[in-house]
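Here's the structure we're looking at; comments come further down.
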Amino acid sequence: MKSLSPYRTTVASFSASKPRPSEAGSEYDAGEYILALASLHDAGPSTVDVSDGGLAAAALSDHSVAIYDASEGRVVRTIGGAHGGPISGLEFVPGAADGQRPSRRHRVVSSSRDGTCRVWDAATGSPVATLRLDREGESALCLSVGYGGALCAVGTDGARVSFFDLRPGGDGTPSGSLMGSYVDAHTEGVNAVRFGEVSDPRDPSTTRTVLASAGEDGLAVIHDPSAPGEEEALVSVLNAGAPLRRVDFFGPSMEGLCCLTGNETASVHAWDAAQTVSDLGGAGLRRALSDAADAASGAVGRAGSDGGGGGGGEMSVEYLVGCTWTSLPPGGDRALHLLGGNSRGDGYLFRVDADRITPALHLRGGHAGCIRDFCWIAAPDG
């Protein structure tokens with residue numbers, strides 16, 4: 001397992017002095033916690049100019065959004081007071097191609113528990129559009145942008161998936177109008193939504209867009225948003241058996257779905273056939289990952305409690321962060337990778353194959369606390 005130290009470190013926010021015990025929670029209110037990340041590269045690497053490939057955005061705990069040039073380790077701008085409540089999700093929308101070069105008018109979309117999603121101009125930090133849920137007091141828990149930036153899906157605590165129009169009008173500004181909602185797919189809050197561009201394994205040139213929604217009810221539901229109604233849009237339903245908090249498509253044709261639960265378990269599924277491929281060890285996953293990471297790094301036994309994973313000893317992997325379909329090293333075979341971490345700030349990236357899970361990277365020295373999210377950026381050398 002390769003060990004990596006930080007290439008660049010960018011401070012989102014900092015205080016001149018550490019808070020006194022009586023000021024518990026002040027770091028959170030001051031924006032010192034990063035709740036979500038997004039990058040321009042993850043939004044559309046094939047359509048992004050190389051000079052913009054390092055752009056990333058972070059949702060801070062003081063309801064602001066910071067935009068970074070992560071390749072240089074600097075804050076480009078901060079959008080203070082972006083929302084009136086905690087920010088629950090972020091996503092970049094790459095600018096449309098203009099002639100031979102992609103447009104640099106990129107946008108960032110943020111969702112919030114204040115019941116709105118907002119579209120921001122990444123270059124200026126100016127608001128472009130506001131998307132409002134139509135139920136009083138309903139919170140936006142997550143978002144995903146699909147169809148080349150034309151449609152925004154928003155999961156809510158009211159068990160709904162709402163759709164907003166991001167197509168540019170005559171003045172180039174999206175209307176942000178509510179187009180409709182799926183109301184029957186879930187019985188509890190929708191914690192994650194994800195658009196996927198999937199292809200026919202028999203004809204990779206044929207693609208279609210599907211949407212995965214994941215809820216507190218433990219269901220991952222696949223929809224075809226091009227269908228005229230919710231019933232016609234239903235493709236398949238998967239039951240993970242525990243509240244879901246993240247879903248990601250993977251595979252050469254994006255035929256797989258990786259689900260992460262609030263119980264710190266993970267599972268992989270063939271979504272079109274509604275079949276579970278593997279539960280990745282169930283409740284013993286974190287212990288198995290910890291043992292694999294320790295064996296790869298030559299660690300022998302750690303003092304402390306077992307952290308609920310069984311087997312004794314302080315675990316190297318205490319929680320799961322997310323999964324990604326990528327190649328390591330770049331240019332190699334693509335595979336499903338799973339990121340886990342611990343309260344000491346270490347991150348461990350594992351390659352997930354059909355017959356084994358292999359430690360790939362140990363990310364160390366970059367954090368002093370829990371890792372909440374991750375994204376990929378383009379390095380200056382491409």
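The values are calculated or read from the model by the stated rules, or taken from the named source; none is laboratory data. Since the model is a prediction, treat every value here as computed from it, not as a measurement. Cβ atoms come from the backbone with ideal geometry, glycine included; neighbour counts cover every protein chain shown. The accessibility values were calculated without ligands, DNA or RNA, using every heavy atom of the protein model including side chains. Shrake-Rupley method; radii C 1.70, N 1.55, O 1.52, S 1.80 Å.
Using a probe of 1.4 Å, the accessible surface attributed to Ser226 totals some 90 Å² when neighbouring protein chains are kept in position. In the full protein context, the stretch 71-169 carries 42 Å² of accessible surface per residue, based on a 1.4 Å probe and ignoring ligands, DNA and RNA. If only the Cβ of Lys and Arg carry +1 and only the Cβ of Asp and Glu carry -1, the dipole of the stretch 105-223 around its Cα centre is close to 380 debye.
Put simply, when 323-336, 113-126, 270-283, 148-161 are sorted by average Cβ atoms within 10 angstrom per residue, most first, you get 148-161, 113-126, 270-283, 323-336. If you sort Ile34, Ile87 by accessible surface, 1.4 Å probe, largest first, the order is Ile34, Ile87. Element breakdown for the stretch 311-358 at a 1.4 angstrom probe: carbon and sulfur atoms account for 48% of the accessible area.
Ordered from highest to lowest accessible area with the whole protein assembly present and a 1.4 Å probe, Leu339, Leu35 read as Leu35, Leu339. Packing, as the average of other Cβ atoms within 10 Å across residues, places the peptides 167-178, 129-140 in the order 129-140, 167-178, highest first.
Per-residue 3J(HN,Hα) values for the stretch 61-77, derived from phi via the Karplus relation 6.51 cos²θ - 1.76 cosθ + 1.60 with θ = phi - 60°, read 6, 9, 6, 10, 10, 10, 10, 10, 9, 5, 5, 10, x, 9, 7, 7, 6 Hz in sequence order (x marks Gly and Pro).
Can you list the residues, at least 5 places off or on another chain, whose amide H is less than 5 Å from the amide H of Gly322, using H built in the peptide plane? Sorted by chain and number, the residues that satisfy this are Leu339.
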